[in-house]
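Peer 1: First the structure, then my questions, so here it is.
The values are calculated or read from the model by the stated rules, or taken from the named source; none is laboratory data. Note that the structure is a prediction, hence the values are computed from the model and not measured. As a convention, Cβ positions derive from the backbone with ideal geometry for all residues, glycine included, and neighbour counts pool all protein chains shown.
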Amino acid sequence: MNMHMLQRERTNSEESPIRDNSSPPRVDEFGPRRNLHVGQWTVAAILLIIIADILVGAVQNPNLNWPRVGEYFFDSRIIAGLGTTLSLALISQVLATALGAGVAMMSLSDNIALKALARVHVTLFRSIPTVVQMLFWYFLAAVVPVIGIGIPFGPDFIWFDTNQLITQFAAALLGLVLGQSAFLAEYFRGGILSVPKSQLEAAASCGLTPWTTFRRVVVPQALRVALPSYGNSFIINVKNTSVVFAIGVGDLMTRAQLIYSQNFQQIPLLIVVIGWYLVLVILMTVLQRRLESHYSRGYGEARSVRPLHASTRKTEAGQ
């Protein structure tokens, strides 16, 4: 009987070989991956067909008046408006960056008063739409005809006529700068807080001064974190300049409105405006990608290092 049991166990062991639990069962990975590629190519082909159909329909539509679009794309009035748009965007972004950085440092300060002022600034100007701020500053002269600088609750030493001080361009800048700085302050604050405290302690142990630590350790890493949000905010700021037509600033949109109010070619001129904004955003996106890759050097390589394959570890363990 024992011989029969041994023969049965030997037969079972021969029929079901011992499986190595250290390695997972092999799966044919070519089938699912091939099906996935087929699905991706199918979706891409459908999207390309839809986009091509829309483009062909737009090009062949005579009501869009493409000759007029080409005629006005480089019109001197449109180019002048484009220059105003770029001036507003660049000046407001520089000023908003300086103000936002200051507000971010105030929010990280140990001074309770400075921290409270930073929170009020962010909450207030982040809540008010840009066009509302522009209109408010533009019509401020109706309630504050003179702006004076002097001792609080005392006499003023310098007076300015509000209408002369806050022009249309200045009102547009105020609306753009104050609104943009509130968002940038939060981006900068988040970037600074992303730097590990251990690096600050290491810099202090090396004898670096607080200013040197901030400039050489904190700022480069904070820029890497805040740069994508900063680039997106700059693009949004460029597009926000289109609302300055509400106060009559001669930007790209305002010039287009003045032209089509005379010839009633609204759609062709709006296509011109869309085209120029598209060109600006594409150029800024390319610049943003270059800056992101520059400040991210040394970080992607560290994350791309993979651990040894399981089979390699198994071979080494067997040896």
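Yes or no, residue by residue, for (1) free of Cβ contacts under 8 Å to residues at least 60 places away in the same chain; (2) aliphatic (A, V, I, L, M); (3) part of a helix (DSSP H, G or I):
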residue	(1), (2), (3)
A44	yes, yes, yes
L47	yes, yes, yes
D53	yes, no, yes
A58	yes, yes, yes
V69	no, yes, yes
I78	no, yes, yes
V94	yes, yes, yes
D110	yes, no, no
K115	yes, no, yes
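Peer 1: Still on this model: So, in the stretch 120-150, how many residues would count as being within 23 Å of R189 (Cβ to Cβ), surrounded by 14 or more Cβ atoms within 10 Å (Cβ to Cβ) and not polar (S, T, N, Q)?
Peer 2: Within the stretch 120-150, residues that are within 23 Å of R189 (Cβ to Cβ), surrounded by 14 or more Cβ atoms within 10 Å (Cβ to Cβ) and not polar (S, T, N, Q) number 5.
Peer 1: Can you report the number of residues in the stretch 158-197 which are part of a loop (DSSP other than H, G, I, E, B) and farther than 27 Å from D251 by Cα?
Peer 2: Final tally of qualifying residues: 3.
Peer 1: Could I ask something else about it? Taking the stated definitions as given, is G207 out of contact with any Asp or Glu (no Cβ under 9 Å at 6 or more places or on another chain) and closer than 25 Å to S293 by Cα?
Peer 2: Values: out of contact with any Asp or Glu (no Cβ under 9 Å at 6 or more places or on another chain): yes; closer than 25 Å to S293 by Cα: no.
Judged against the criteria, G207 is not a match.
Peer 1: Now for a different question. Report yes if A202 is under 30 Å from G175 (Cβ atoms), part of a helix (DSSP H, G or I) and at pLDDT below 95, otherwise no. Walk me through it before giving the result.
Peer 2: On the way: under 30 Å from G175 (Cβ atoms): no; part of a helix (DSSP H, G or I): yes; at pLDDT below 95: yes.
Considered against the rule, which asks whether it is under 30 Å from G175 (Cβ atoms), part of a helix (DSSP H, G or I) and at pLDDT below 95, A202 comes out as no.
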